[in-house]
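Beneath this line is the structure, given in structure tokens, with notes to follow.
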Amino acid sequence: MGYVIAIPLLPALAFGVLAPLSNRARNAAIWVPVAAVCGSLLLSLAAFARVWPGGHEGEAVYRASAVFATLGSVNLHAGVLLDPISAVMLVVVTLVGAAVQVYSVGYMHRDERIGWYFAVLSLFTAAMLALVLSDNFLQLYMAWEVMGLCSYLLIGFWHEQEAPRKASLKAFLTTRVGDVGFVLGLAVMYATAGSFDFAVVLHGFTWVPATATAVSLLFLFGAIGKSAQVPLHVWLPDAMAGPTPASALIHAATMVAAGVFLVARALPIFQASGVALTVTMIVGVTTAIVGGLLAAVQHDIKKVLAYSTISQLGYMFFALGAGGIVAGIFHLMTHAFFKSLLFLGAGVIIHAAHTQDMREMGGLAKKMPVTTATFTIGSLALAGIFPFSGFWSKDEILTVLWTEGHYVVFALALAAAFVTAFYVARLWFRVFTGPEQTPELAEAHAEMLVPMGVLAAITAVIGFGSPYFARFLGHTGAWPEAGIALTSTAVAGLGLALGWCAYGRRTKVINTRPLKERAGFVYDALAMKLYFDLTYDYFIVKQYARLADALWAFDHTVIDGAVNGAGAIWKAGADVGALFDTYVIDGAVNGTATLVRAAGAKVRRIQVGRIQAYQGLMVGALVLLMLWFVVKGA
Amino acid sequence: MTGVGWFIPEYLLLAGALVALFAERIFRREGAGAAAGAAFAAAAAIAAVAIGVRPAAFVGGVLELDQVAVTVRVVLAALAAVYLLWLSGRGMGPERSREATALVLLATLGGMLMVASRDLMVLFISIELATMPAYVLMGYRRDDARTLEGALKYFLLSMTTSLVMLYGFSFLFGISGSTSYAGIAAAPSAGLLGGFAAVFVFVGLFAKISAAPFHYWAPDAYAGAPAASVAFVSTVPKLAGAAVMARLAALLTPGVTALPTVIAIASLASMLLGNLAAYPQSDVRRLMAYSGVAHTGYMLLALSAGTPAGNAAAILYTIAYAVPSMAIMLIAAEEGTSVDDFAGLVARRPAVAWAAVVFLLSLVGVPPMVGMFGKLVVFTATLGAGRLALVLVAVVMSVVSAGYYFRIIRAAFFAEGRAERIAFSLPAGIAVGMLALVTLALGAFTGPLLKVLTSAL
Amino acid sequence: MTETVNGAVFLALSFATIGGAVMMLSTRNVVHAAFWLLEVMIATAGLYLLLSAEFLALVQVLVYAGSVSVLVLFTIMLTLRRREDAIRPFEPGWSAGVLAALFGGAVLFAAERFFSQPRPGVMPETVPDVAAFGEKLFGTWAVPFEIASLVLLVALVGAVWWSGGEGR
Amino acid sequence: MTIMQPVGVLSFVALSAVLFALGLYGALSRRSTVMVLMSLELMANAININLVALSRFSAPAEMTGQFFAVFSMVVSAAEIGLGLALVLALYRQRKTVEIDAMQELKG
């Protein structure tokens, strides 16, 4: 089983090979990272096969570690731990990683720094693999930080432009705010349990609720930053300024899932606390709703997907908060596949339509059949429609909520599912139906379509594996309950229908012209008939006119009202969210910076430049210390 | 006399200084003296490794080579060697570098004796030997009034606090009747006068390593001095000072129980003031001066734990600070001392720009650079002593520090800058490359290093 | 050499040192201040004699009277363009005075508490002579002695560096 | 303490403290750099008195304080030489020894 160690090492080596090369040599050598990640994928599948079909509850299938440092009497290990959760994550990361790299060969082929892009992508993959294979929290943290760095580099990849530059800095600094929590959590963990090893802190150590609460809340804070949960979610939408395939890998499928993974790993500590679970659930459900509402009003296709990611990560968080580790990890997996699929599809669409604004798109279905088909599968999975993967994982989350008795959260989760289906429909109809707005639409290269096809195939069938998956992670697996499945499908269907109502007819929400036209047609047709019998006609005409009016009015007030009303509510919710973003979160981030700058300006005023002022201040401090000693009576 | 051979590294440094001073005419080339000095310092580092730990005391017990002394003297000599290697390639700007080479070697010699000394008298003279070359280096551009003004500030403030420290030494001697550490440790608890003596000594040391509120000389002196001087003065003497401080804290805390509180106060002041004041700076030297104050604060945080683990962590942290900090100042010496001078660095000199990223991230505390390990051991040691609130401040302040360090990265990578690049210099390139390598790799040796340091304190 | 410190002599010498210091700080003429410093140093040499430290008294006179005072006077002369520049207005420095007084007061308070209780304030009778001093200086204290010579080397290099340079 | 009685260590320590405080006052308040340096010498002198007296009254046979004082003198002589050289170098640039002329660097 020693080959497990090679899984993260291969992409790391690829980075090591590429990084020192010259730009031209690097560009020529991009097959090295692609080969490396494909090798990792094969090894991961082999490792997964060894763990399959489960029955390893909580124990390692393979474990190897070496001491790399000693702190006092405690040894710090660097090691790998293969258990069911890490096996799943290995496959997810390497599969999505390989898909993204193959896709990038086509997507980025005209970029003059493609070699550097692939090098960073490899380093990122290596770090993520090292993270999921960690057998202790310290190594996990180190890999976590390296990923943060790669994310910074990839978001700012096109640093000639203003937006990526700003976004990369915002992402790095915002996630570092979360990392503060993580580091403090590590310090508290070390101070109480005296170790970072999973074997010790998760299984061998009895946590006092108070410390467990401290550690788990601090960890949660770190996870909130990394997984872009409210209130630290602001960096993710901006991060869309990076290359789209990188977004697919990092800001949809893997790195943002690291927070979920952290919470899942540390779940025994969360459970020892209790309070922390509730907080996790609240954070998750708030994020799921806020993210969904904001996704529903975006016009930039990538931003819709970004907010959608935030919302779906919220789903995973409240699943974990309810104790549903299987459901949470399963959703992480299905989401990784269908969201990376959607991002890759969005990349193709942006390439073809030369815009990211959905209002300037339309009619892509006719010209780009493969993209449309795969994107549709991804969309349906995201909306939670049977038989696509999202349906199964969402259903499992809802089942957990229901059986654990979290009825309020259950209702809110349904609401979030409804919103999700709505914005999915909004996105799909805007992009794929209606009149074409771009003259030269063409399907993408094969190396871009093949990975999408693979991901779409997985998304289409993986759901049926859900009971086996649960057993794999060491729980009893069951098929979905009919009642919950029906409820969620109905809610999703409603959302899609409303989306179709508002956008499928190629109108704007408040534009009711087609309704008027239909009424007019009835009116005209009737009027023709009534030409012969004037009085009757007149009467009939009047009646028909009245009827038409009434129909029109019904249409106008009830249907449109519902549509518009729903739209308005969303708009209001989204506006509040956006305001919150702009003023509270951004304000807090910027405000802190301003505060620090102001404090700095104040503090530097002490430095007046006069030698004897300095001497006086120093002697004054000394005299104060002496007086303190006198008063204390030392 | 026993043990003369154990001090071969010190003799080598002295020989290097004399060669640099008097033999440059033989080499006939600017920079050759520095190269020779670098060779001597490297030889001294190797000799120090070879000699290793010598527990027996030297001449009347005034010097001893324990694990801390050996570790620190190896690091000091190695840093001096790398610094002189850089100097042999770049020089001290318009001034010639042979006096600077001699002064650097003598200051390093002083630092090595500081950590080896077991007697207040030897300690005092060694501190002066390490500090006086620093005055001259900080005023090295002798035709620039601003440089001289900075040096005068450094000189006067440092001398005042030196005298306060010496006053403290005199009372420590008066209380115990001995100047040896052993004799002082054996003296009974000394009440108020002992407390005053300890405070005097620590105020002197605080000023030497620029801990707030005794740091005032540093920003002005750094901002006036040549960046190449700052690279040395802000790192090597500081490391020696930190090691001495750890030793004296271990020595005096049993008698003066309030000492950890005094250190904690200085730590808090340094972390807050250093990080906040660094934020609005646009001169890299001034920025690094304040950030140096902040890093001193983290170092004192570990000392305030009052435990062997804390003292060891403090020394380790200072090493983790010194390496990248020296490198950043060396790059500033090449590129220019304003943050704007870093603009476009990645286009001009990509390797240097990436090295700068490594150094700055290490200073922020991002893994896997050594700075993160330094912070980790400091925080764990401090938490072990129950100072949670201070650690909290430290962590928050390290986030603030990311703000100003990133300004340099942003300038280097994302701003348009001048296109013409300075001439390539192989020795300087090797020096910066070596520092980058150490910054990247030293983290892996945190454990063994900490173990070695803890065993001796 | 008497074996106990004579109170009257001590009083006279301490009056000379403290009075000299006060005069040094209060005189308006910098040149006079340098001479008052010299007076303090010589009175201090007297105190060393009183404490049976003959060698130290000698060093004090040689180092301070012989070199430091001369250096100070030289500097004053070099930085005075006119004779009248030596006269400076009186500088009270009240806050500095308060700080210094607090500092000195605290030290006096602590020293009084420490030295008045446990120790008899009487000087021990026998002291070694100058020969023993030299023996120890080059035996036990050879290391600091050698380091001190390095300090002088540094001072020399630095002073020469700052005195040289272009354009003068 | 009557005048003719033997005096103890406290008298010397007190004398030293007063001298040190006077030196400190001078260092903090004089406006001439040279005067500041002279005040610092006063402080060094006070410390030396302290060292010699403490040595004489605690361990006279060892003479430790005397050695300490010798080294302190050597060091302060070296320091004053260096300081005066610096003051002269600055005087050549700025044509003044006023300490308040040295506040170009700040912030």
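The values are calculated or read from the model by the stated rules, or taken from the named source; none is laboratory data. Just so it is clear, the model here is predicted, and its values are computed rather than measured. We place every Cβ from the backbone using ideal geometry, glycine too, and count neighbours over all the protein chains shown. To get the accessible areas, we keep the full protein, side chains included, count just its heavy atoms, and leave off ligands, DNA and RNA. Shrake-Rupley method; radii C 1.70, N 1.55, O 1.52, S 1.80 Å.
Laid out as a table, the results:
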{"item": "Residue that is under 30 Å from B:Leu137 (Cα atoms), part of a helix (DSSP H, G or I) and within 7 Å of another protein chain (Cβ to nearest Cβ), where the choices are D:Ala17, D:Ala85", "result": "D:Ala85"}
{"item": "Any chance A:Gly463 is modelled with pLDDT under 85, touching a helix residue (DSSP H, G or I) at 6+ places or on another chain (Cβ under 8 Å) and open to solvent by less than 10 Å² (accessible area, probe 1.4 Å)", "result": "yes"}
{"item": "Test: A:Ala456 is out of contact with any Cys (no Cβ under 8 Å at 6 or more places or on another chain), modelled with pLDDT of 85 or more and under 17 Å from A:Val370 (Cα atoms)", "result": "yes"}
{"item": "Unique residue being open to solvent by 30 Å² or more (accessible area, probe 1.4 Å) and over 29 Å from the mean Cα position of the chain (by Cα) when the list is A:Ala46, A:Ala28", "result": "A:Ala28"}
{"item": "Number of the exception - C:Ala8 against (1) closer than 18 Å to D:Val9 by Cα; (2) surrounded by 14 or more Cβ atoms within 10 Å (Cβ to Cβ)", "result": "(2)"}
{"item": "Complete set of residues in the range B:408-420 that are closer than 13 Å to B:Ile331 by Cα and in contact (Cβ under 8 Å) with a residue 60 or more places away in the chain", "result": "B:Ile408, B:Ala412"}
{"item": "Yes/no for A:Val279 being assigned to a helix (DSSP H, G or I) and either closer than 14 Å to A:Lys226 by Cα or touching a helix residue (DSSP H, G or I) at 6+ places or on another chain (Cβ under 6 Å) (or both)", "result": "no"}
{"item": "Condition check for B:Leu376: assigned to a helix (DSSP H, G or I), open to solvent by 20 Å² or more (accessible area, probe 1.4 Å) and among the hydrophobic types (A, V, I, L, M, F, W, C)", "result": "no"}
{"item": "Helices (runs of 4 or more DSSP H) lying entirely in the range A:173-271 (those with 2 or more residues that are within 14 Å of another protein chain (Cβ to nearest Cβ) and open to solvent by 10 Å² or more (accessible area, probe 1.4 Å))", "result": "A:209-226"}
{"item": "Conditions (1) open to solvent by 10 Å² or more (accessible area, probe 1.4 Å); (2) more than 7 Å from chain C (Cβ to nearest Cβ); (3) touching a residue at least 60 places away in the same chain (Cβ under 8 Å); number of the one not met by D:Arg31", "result": "(2)"}
{"item": "Among the residues listed as B:Leu361, B:Leu383, the single one being open to solvent by less than 10 Å² (accessible area, probe 1.4 Å) and under 24 Å from B:Ala242 (Cα atoms)", "result": "B:Leu361"}
{"item": "Residues (more than 13 Å from the chain's Cα centre (by Cα), of a type in the set (Gly, Ala, Ser), under 15 Å from B:Leu157 (Cα atoms) and assigned to a loop (DSSP other than H, G, I, E, B)) located in the range B:199-231", "result": "B:Ala212"}
{"item": "Long-range neighbours under 6 Å by Cβ, at least six apart or interchain, first residue within 7 Å of chain A (Cβ to nearest Cβ) and at pLDDT 95 or above within the range B:255-279, second open to solvent by less than 30 Å² (accessible area, probe 1.4 Å) and in a helix (DSSP H, G or I)", "result": "none"}
{"item": "Residue match in the range D:59-71 (condition: over 15 Å from the mean Cα position of the chain (by Cα), surrounded by fewer than 24 Cβ atoms within 10 Å (Cβ to Cβ), at pLDDT below 90 and under 23 Å from D:Ala14 (Cβ atoms))", "result": "yes"}
{"item": "Residues (at the interface with chain A (Cβ under 7 Å from one of its Cβ atoms) and among the hydroxyl-bearing types (Ser, Thr, Tyr)) located in the range B:358-399", "result": "B:Thr380"}
{"item": "Out of B:Leu106, B:Leu79, sole residue that is crowded, with 24+ Cβ neighbours inside 10 Å and within 12 Å of chain C (Cβ to nearest Cβ)", "result": "B:Leu106"}
{"item": "Set C:Val98, C:Val63, C:Val70: member being at the interface with another protein chain (Cβ under 7 Å from one of its Cβ atoms) and either aliphatic (A, V, I, L, M) or in a helix (DSSP H, G or I) (or both)", "result": "C:Val63"}
{"item": "Breaking point among (1) modelled with pLDDT under 90; (2) under 21 Å from A:Gly222 (Cα atoms), for A:Ile350", "result": "(2)"}
{"item": "Search result, residues across the range A:306-325 that are surrounded by fewer than 24 Cβ atoms within 10 Å (Cβ to Cβ) and part of a helix (DSSP H, G or I)", "result": "A:Ile325"}
{"item": "Residue within the range A:341-363 that is among the polar types (S, T, N, Q) and assigned to a helix (DSSP H, G or I) present", "result": "no"}
{"item": "Matching entry among A:Ala163, A:Ala130 (being open to solvent by 10 Å² or more (accessible area, probe 1.4 Å), at pLDDT 90 or above, within 14 Å of another protein chain (Cβ to nearest Cβ) and under 27 Å from A:Ala336 (Cα atoms))", "result": "A:Ala130"}
{"item": "Qualifying position, being crowded, with 19+ Cβ neighbours inside 10 Å and over 20 Å from A:Val326 (Cβ atoms), among A:Phe469, A:Phe429", "result": "A:Phe429"}
{"item": "Residue count, the range A:390-426 (criterion: of a type in the set (Ser, Thr, Tyr) and open to solvent by 10 Å² or more (accessible area, probe 1.4 Å))", "result": "3"}
{"item": "Residue match in the range B:16-33 (condition: modelled with pLDDT of 90 or more and open to solvent by 50 Å² or more (accessible area, probe 1.4 Å))", "result": "yes"}
{"item": "Residue in the range C:111-127 that is surrounded by 13 or more Cβ atoms within 10 Å (Cβ to Cβ), small (Gly, Ala, Ser) and not assigned by TED's automatic domain parsing to the domain that holds C:Thr27 present", "result": "yes"}
{"item": "Residues (within 20 Å of D:Ala44 (Cβ to Cβ) and either part of a strand (DSSP E or B) or open to solvent by 10 Å² or more (accessible area, probe 1.4 Å) (or both)) located in the range B:133-159", "result": "B:Tyr154"}
{"item": "Qualifying position, being free of Cβ contacts under 8 Å to residues at least 40 places away in the same chain and over 16 Å from A:Gly328 (Cα atoms), among A:Leu218, A:Leu293, A:Leu305", "result": "A:Leu218"}
{"item": "Test: residue in the range A:443-454 that is open to solvent by 40 Å² or more (accessible area, probe 1.4 Å) and over 30 Å from A:His109 (Cβ atoms)", "result": "no"}
{"item": "Per-region count, the range B:404-446, residues farther than 15 Å from B:Ala320 by Cα, open to solvent by less than 20 Å² (accessible area, probe 1.4 Å) and either within 10 Å of chain A (Cβ to nearest Cβ) or touching a Cys at 6+ places or on another chain (Cβ under 6 Å) (or both)", "result": "3"}
